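Below is one structure, written out as structure tokens, with a few remarks after it.
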Ligand code: ADP
Ligand code: MG
């Protein structure tokens, strides 16, 4: 059972940044508007994420760490309409099988916080702290040396963690994020508008040369900003696409955007963009891989055409 957990954990938490992603998604699912991420040694030594979300009731705490326990799906039909980011109920259990985990949490109606340490078999004890949840993950892979060997340098692992935070923060300007590494504050983004959050994250070049996009057709809506190629540097890491709020790196979508840029601007450089596609959750399958970075559309041709034309029209409108 422990072995099965550790194998499953390898899928879900292949490196520190995967832990950061799962914990951030949980915080957002809990309705947090303020999230603090503290990392030590690239996340390998410690990943502690605090949120001001709704918290976990003490009787639910062991369940949060149990495999396949999720509070987010009530029935099988819900699987078809996944609106929350997490829905498998295996992330925390997996993380707890390969690291030392503690959860400290307090709901709005509780007189004080509660804490559980270790696994779902750990005892739930009174604790102190504000409303919301802190999940503290220490010594990742301490009990699975084979996996630990695959970790890269502290700086590389930190870079992956920071990228995950950027992706999520970019989609959620309505939430404040603060990121520290080895005790130093690296990023702090207050609640703001999308225009501001995207220039904070993508830089002033992007802020000065970008087109707002907001187009709808039937069940599809594409909104965000398409950056224009500027005289200054084009960043290879400045392309962000979201489907129903979830960051994805999907060949079909990347191709549609790239084709639109080429059609209008004929350049070979690929500018930054932040685009969000929203559609009926029943028209898209996000349950294809534990890392959930790729998606499958019911009608991929229609999605491709819609994204292509939406980007093409906005680019053409200003370059005309
Ligand atoms: P999933 O997100 O797929 O439901 P997880 O293993 O990530 O599974 O989390 C298990 C459960 O723990 C969640 O369904 C939720 O009820 C609870 N939980 C986890 N993190 C938080 C959090 N930050 N705030 C409130 N509840 C949480
Ligand atoms: Mg989750």
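The values are calculated or read from the model by the stated rules, or taken from the named source; none is laboratory data. These figures come from a predicted structure and were not determined experimentally. Here Cβ is always computed from backbone atoms with ideal geometry, including for glycine, and neighbour counts include all displayed protein chains.
Name the pairs: first residue in segment 88-117 and closer than 23 Å to residue 144 by Cα and in contact (Cβ under 8 Å) with a residue 40 or more places away in the chain, second residue within 13 Å of ligand 2 (Cβ to nearest atom) and in a strand (DSSP E or B), Cβ to Cβ under 7 Å, at least 6 apart or on different chains?
Filtered contacts from segment 88-117: 103/133; 103/135; 116/103.
Here is a yes/no grid of residues against (1) assigned to a helix (DSSP H, G or I); (2) at pLDDT 95 or above; (3) within 15 Å of ligand 2 (Cβ to nearest atom); (4) surrounded by 19 or more Cβ atoms within 10 Å (Cβ to Cβ):
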{"site": "63", "(1), (2), (3), (4)": "yes, no, yes, no"}
{"site": "68", "(1), (2), (3), (4)": "no, no, yes, no"}
{"site": "72", "(1), (2), (3), (4)": "no, no, yes, no"}
{"site": "77", "(1), (2), (3), (4)": "yes, no, no, no"}
{"site": "84", "(1), (2), (3), (4)": "no, no, yes, no"}
{"site": "94", "(1), (2), (3), (4)": "yes, no, yes, yes"}
{"site": "101", "(1), (2), (3), (4)": "no, yes, yes, yes"}
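Please work out which one of (1) at pLDDT 95 or above; (2) within 16 Å of ligand 2 (Cβ to nearest atom); (3) surrounded by fewer than 19 Cβ atoms within 10 Å (Cβ to Cβ) is the condition residue 56 fails and give its number.
(3)
Scan segment 126-148 and tell me whether some residue there is modelled with pLDDT of 90 or more, more than 16 Å from ligand 1 (Cβ to nearest atom), surrounded by fewer than 17 Cβ atoms within 10 Å (Cβ to Cβ) and part of a strand (DSSP E or B).
Yes, that holds for at least one residue.
For residue 198, only one of the following conditions fails: (1) modelled with pLDDT under 95; (2) out of contact with any helix residue (DSSP H, G or I) (no Cβ under 8 Å at 6 or more places or on another chain). What is its number?
So residue 198 meets the others, but not (2).
Working only within segment 201-235, note down all residues that are loosely packed, with under 14 Cβ neighbours inside 10 Å and at pLDDT below 90.
Within segment 201-235, 204, 208, 231, 232, 233 qualify.
Checking residue 23 against (1) modelled with pLDDT of 95 or more; (2) surrounded by fewer than 21 Cβ atoms within 10 Å (Cβ to Cβ), only one condition comes out false. Which one?
The one condition residue 23 does not meet is (2).
Residues being surrounded by 14 or more Cβ atoms within 10 Å (Cβ to Cβ) and at pLDDT below 95: count how many of those fall in segment 275-286.
Of the residues in that region, 5 qualify.
Where in segment 154-225 are there strands (runs of 3 or more DSSP E), lying wholly inside it, with at least 2 residues that are free of Cβ contacts under 8 Å to residues at least 60 places away in the same chain?
184-189, 210-217
Counting only residues that are in a helix (DSSP H, G or I) and away from ligand 1 (no atom under 12 Å from the Cβ), how many does segment 19-41 have?
Within segment 19-41, residues that are in a helix (DSSP H, G or I) and away from ligand 1 (no atom under 12 Å from the Cβ) number 2.
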